[in-house]
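Peer 1: Below: one structure in C-alpha cells.
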Amino acid sequence: MDHQPILLLKEAINAHGGLERWRLFKGVASTIVTGGGLWDIKRVKLLRTPRRVTSEFRRQWTRETPFGEPGLTMTWTPLHVEIADSKGTIIEQRDNGRDSFDRSFDGRWDQLNLAYFNGYAMWIYHAAPWVLAEPSYEAREIAPIAHEGESLRGLAAR
C-alpha cells in the first residue's frame, strides 16, 4: 500500500521541493549559531560561534561540531549520544539520553543533556516536513488556531 500524506503535509512537502526530490538525498548540513533564553534557564554554557550540524534522513542521526568548545564533536542517535575530542576519543557518552532529562521548567542540564537535545532538535529541523510522510510516521491535520487575525493550520504527528 502506498503511503499518501494528508493534504496539509503534502502542501508543505511540495513547497519544499517534493517528496520524490527529497528521497534523492542522504541528508543535509547547516551552519548554525544558537541563542535565546532556554540556555540560561537550563544553565548550560553555549558559545555563540558557528557550528556545523549534519543530519541523515534515512536514520535518526546528527553530528555537531564544534560542540561546547573547539575540537569537540557531538554525535546523536535516539538511543546514544556522545562527545568526542578531535582524535575521535569519546570523552562523555550516554545511552537512552531522553531518560536523563530533568523535565521541570528550571531543571539543570549537563553537556550530554544539551547534546541529546541539540541532536534530536536539529534532526527534526533538518528532516521535517518530509520524514512525516514516511510510513513509520502518523500525521493528521488538527483544528486551525487564530493568531493575529489569521487562521493557522497545524499537524499532529506521531
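Peer 1: Tell me the angle of helix 111-127 to the major Cα principal axis of the chain, expressed in degrees between 0 and 90 and rounded to the nearest ten.
Peer 2: 30 degrees
Peer 1: A further question on this structure: Exposure proxy check: TYR120, TYR125 ranked by fewest other beta carbons within 10 Å? Intermediate values should be presented prior to the final figure.
Peer 2: Numbers: TYR120 18, TYR125 14.
Ascending number of Cβ neighbours within 10 Å: TYR125, TYR120.
Peer 1: Taking the beta-carbon count within 10 Å as an exposure proxy, list VAL53, VAL33 from fewest neighbours to most.
Peer 2: Details: VAL53 24, VAL33 10.
Ordered from fewest to most neighbouring Cβ atoms within 10 Å, VAL53, VAL33 come out as VAL33, VAL53.
Peer 1: With just the Cα atoms of the chain, tell me how far they stretch along each of the three principal axes, in Å, largest first.
Peer 2: 45, 37, 28
Peer 1: Tell me what the chain gives for mean residue ellipticity at 222 nm when only DSSP H runs of n ≥ 4 count, each as -39,500 (n - 2.57), the sum divided by the residue total, rounded to 500 deg cm²/dmol.
Peer 2: -6000 deg cm²/dmol, from helical runs alone.
Peer 1: Now for a different question. Give me the lysines in straight-line cross-link reach of LYS26: C-alpha distance below 23 Å, same-chain residues under 8 apart excluded.
Peer 2: Within the straight-line cut-off, LYS26 pairs with LYS10.
Any read-out appearing in this document is the output of simple, stated calculations on the displayed coordinates, not a laboratory observation. Because the structure is a prediction, the values reported are computed rather than measured. Ideal geometry is used to build each Cβ from the backbone, glycine not excepted, and the neighbour counts take in all protein chains shown.
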